Amino acid sequence: MTIQHTDLDFTPWYKQGWPWALITIPLLTVIACGITIYIAFNTDDSLVKDNYYKEGLAINQSIERIEFAQTISVIAKIEIDKQAKLIHLNFQSSQILPTRLVLKFSHPTLESKDQSFELESLSGGDFVAELNHLEEAYWHVSLEDGSKSWVLKSRWLYPDKPLILIDANTI
């Protein structure tokens, strides 16, 4: 009896394309899983605060400080001069003129990019501070006096708007 060979392709499996396509999908999944695990263990969750309960309780104090700013009619006009690298703030109030102001820019997602500036009084209601570098972002802005008796809060898209006007009566 003789065996006849037909025209079947007898190439080994490793020289064909379809087994490699089937092997590639699970292999890429394992690699992606490894990368995800590496990222999860080596980065901080900056959006999650460790003391979120205390910060939740502090919201009432913040509301009281905003209401106090409204009673004394605080208005702040903040201008950013990129070329001179300066922050210029014009402060208006019906009752008080603080000697020290603190301006904070909080990044919406990355706490490491937050910046705080202590503004120096020039004359009248004018204050100034040096600005090193501010990245493009939708910043959360807060302005408070040195004794932390009042606070103004706003949001600001930088660098599209070089001017921030915060009026306590419109918060």
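Every read-out reported here was derived from the displayed coordinates using simple, explicitly stated rules and does not represent laboratory data. Predicted model, so just to flag it, every value in this text is computed and none were measured.
Would you mind checking the pairs Lys54/Lys104; Lys54/Lys161; Lys82/Lys104; Lys77/Lys148 and listing those with alpha carbons more than 26 angstrom apart?
Table pairs above 26 Å Cα-Cα are Lys54/Lys161.
Compute the whole-percent fraction of alpha carbon pairs in region 59-171 spaced more than 23 Å apart. Don't jump to the answer; show the numbers that get you there.
On the way: 1487 of 6328 pairs.
Summing the P(r) of region 59-171 above 23 Å gives 23 percent of all pairs.
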